[in-house]
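Q: Provided herewith is a single structure, encoded as structure tokens, for subsequent inquiry.
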Amino acid sequence: MSNMTFTQNPDIITNILETLLITDLIAMTRTCYVFRQIGKQVVHRRFTQIIGPFTKNMLDSFVSALRCSACLITGSAARTMITGDIQEAIRDLNLIVPHETFHMLENFLMETMGYSKITDTCHPAMVSVVNHFGRYASKSCWITLACPKAHMHVLHLILHAPTTADMVYLTTGGVTCFYPQWMHQQISIHSHTGDLVPWDDKLGCAGEFHSNLKVESGMGFLQGPCGNRCPTLWHHVSHKHLRQSVDWDMTNSVTRTFHDIDVEWRLNTYCSNEACRFYRRIMASNLETAGAANRADVKYIPQEIKCRRPRFSQLFQGVFYGVACYRPFLVPIPVIDGVKNATLNNLYVNYWVKQRDFNALTSTRQHLRHTFTSLPHSKYKLDGLYTVYFESPENHSTTNRLLVHMAHMSGMSTSIKGSVLVVKQALSTDLPVIDMDKDDMLLANTMLSCALHYGNV
């Protein structure tokens, strides 16, 4: 069949496109005009078939409400949009909105759509990240609506999902899937949240049997090392290797959810794969600490960092201003496991300044650091970039006595809670992290004294 004859058969093209994963479907729409026009119809029809049963013939109004509230659709609806497998009816629609728009969308569901609120209690495994929750019913249709804690982004909820297959979400203009390799292999891995779901309970894909999805409790199915897929490794959403996004309507692009967002995540707090170098029995012999305070910590923690199993691949020297120290100290700072290049995001500063809890699955930390290129209120340019890491305010309420003393020496009474850590980057193109020495420490002292004097920290 010639290409001209083939493109003149829209029914054949439609049948082919309807069988494709959304990534392949969108790729096909970019090949020629005919595929683009038919592909748009197939995407719209797939979206309507998924969402339509919940909208009571008010699809346009419902879509408008989703856009106005910056809503994400997660769960089986988002997975179905990816696979196109609409053979089984979707039982409920799971919506996630920012903290600010929860009540707006809730009012729309109840007053405009006619849904009744059944409960406002979320699953116990999710209470640490959910601020408001509602489950709503109308005849045989069920909708859940949730928003994160006030200080959290909506992606905190997505990345706290019970399995990797639940770490997927849909907007009206695109869809994103975390761990796409496993999604394509129809494998779903339990997260720490999934481990909290009792065997006789259900949350997402945890505790449920799926005929077309294999749910694994750990990474043992790999029959080999986890590598960079180990569930204990931290990742940042700005890195694209563990997520896949595709857009079909740029007016509500799904990739916009990643713009200027600071969210880190890991799948679990331990690894049950015996072939992994981060297997929990190996890691159990290591020091579990978050934040240092005094001279004893400065003496003890570097030894633990040096003896840690497996060994850290890279260590850099920074300056530590302990909350109970009488002077600053040069200390080792590891680079987190699983990365090759040291950046401000992937330094393991938690040994010295507590920025997240032991059992955290997601974290936001960029607001807990400040980078200086020159001395505050001075034309003197520093010989590198000096970044100050602070402790999370909710993790420390003790005033840093060392910094209070430095502030008094500059004629101010400024106080900072918790310990402080300073690292240095070279002034080259890629701004590599470099070791600090005693001369750098003296410069950091001057920088902090100026910052305290002028209120820049």
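The values are calculated or read from the model by the stated rules, or taken from the named source; none is laboratory data. Since this is a predicted model, take the numbers as computed values, not measurements. Positions of Cβ are backbone-derived with ideal geometry, glycine not excepted, and every protein chain shown enters the neighbour counts. Protein only, heavy atoms only, side chains kept; ligands, DNA and RNA dropped before computing areas. Shrake-Rupley method; radii C 1.70, N 1.55, O 1.52, S 1.80 Å.
Q: Antiparallel DSSP bridges in the chain: what percent, to the nearest 5?
A: 85 percent
Q: Counting only protein heavy atoms and a 1.4 Å probe, tell me what percentage of segment 56-116's accessible area is made up of carbon and sulfur.
A: Of the solvent-accessible surface of segment 56-116, carbon and sulfur hold 48 percent.
Q: Considering only the other residues whose Cβ falls under 15 Å of the Cβ of ARG277, what net charge follows from Lys and Arg at +1 and Asp and Glu at -1?
A: +4
Q: Still on this structure, please answer the following. Just to make sure I understand: if all protein chains stay in place, what is the order of SER188, SER415, SER217 by accessible area at 1.4 Å, largest first?
A: Ranked from most to least accessible, the order is SER217, SER415, SER188.
Q: Also, quick follow-up: Pairs of alpha-carbon atoms within less than 8 angstrom and 6+ residues apart define the contacts here; what relative contact order does segment 115-272 have, in percent?
A: This gives 21 percent for segment 115-272.
Q: Let me ask you something else. Relative to the Cα centre, what is the charge dipole magnitude of the chain, using +1 at the beta carbon of each Lys and Arg, -1 at the beta carbon of each Asp and Glu, and rounding to the nearest 20 debye? Before the final figure, lay out each step's value.
A: Values: 41 positive and 36 negative charges, 167 e Å.
That gives the chain a dipole magnitude of about 800 debye.
Q: Extending each Cα 7 Å along its Cβ direction at ASN131 and ARG327, get the distance between those two points in nm, one decimal.
A: Placing both labels 7 Å beyond Cα along the Cβ direction yields 4.6 nm.
Q: Per residue, how much accessible area does the chain show when a 1.4 Å probe rolls over the protein heavy atoms, in square angstrom?
A: On the way: 21830 Å² over 457 residues.
With the other protein chains kept in place, the chain gives 48 Å² per residue.
Q: What does the charge add up to near THR144, with Lys and Arg as +1, Asp and Glu as -1, over the other residues with Cβ less than 12 Å from its Cβ?
A: Working: positive: ARG91, LYS117, ARG135; negative: ASP92, GLU106, ASP120.
Result for the neighbourhood of THR144: 0.
Q: How much of HIS151 can a 1.4 Å solvent probe reach, expressed as accessible area in Å² and rounded to 10?
A: Result for HIS151: roughly 140 Å² accessible.
Q: So, one more: Based solely on its DSSP helices, what 222 nm [θ] is calculated for the chain when runs of n ≥ 4 H residues each add -39,500 (n - 2.57) and the sum is averaged over all residues, nearest 500 deg cm²/dmol?
A: -7500 deg cm²/dmol
Q: Something else: Protein chains only, probe 1.4 Å: how do LYS354, LYS306, LYS417 rank by accessible area, largest first? Please list the in-between numbers first.
A: Numbers: LYS354 50, LYS306 145, LYS417 100 Å².
Most to least solvent-accessible, the answer reads LYS306, LYS417, LYS354.
Q: Moving on. Sorted by accessible area (1.4 Å probe), largest first, how do ARG67, ARG356, ARG369 line up? Intermediate results must be reported in sequence, preceding the final value.
A: On the way: ARG67 100, ARG356 25, ARG369 55 Å².
Ranked from most to least accessible, the order is ARG67, ARG369, ARG356.
Q: Report relative contact order for the chain in percent, whole number only (criteria: Cα-Cα under 8 Å, sequence separation at least 6).
A: That works out to 10 percent.
Q: To the nearest 10 degrees, how steep is helix 59-68 against the longest Cα principal axis of the chain, on a 0 to 90 scale?
A: Relative to the chain, helix 59-68 is tipped by roughly 10 degrees.
Q: Next question. Summing Lys, Arg as +1 and Asp, Glu as -1, what charge do residues with Cβ under 15 Å from the Cβ of TRP248 carry, TRP248 excluded?
A: So the surrounding residues net to +3.
Q: Among the lysines, which have Cα under 26 Å from the Cα of LYS306 when same-chain residues fewer than 8 positions away are ignored?
A: Candidates past the 8-residue exclusion: LYS340, LYS354, LYS424, LYS438.
Q: Hey, rough spin-label estimate for ILE118 and ALA27, points 7 angstrom out along Cα→Cβ, what's it come to in nanometres?
A: 3.9 nm
Q: Nearest 10 degrees is fine. How inclined is helix 295-307 to the longest principal axis of the chain, computing both from alpha carbons?
A: 50 degrees
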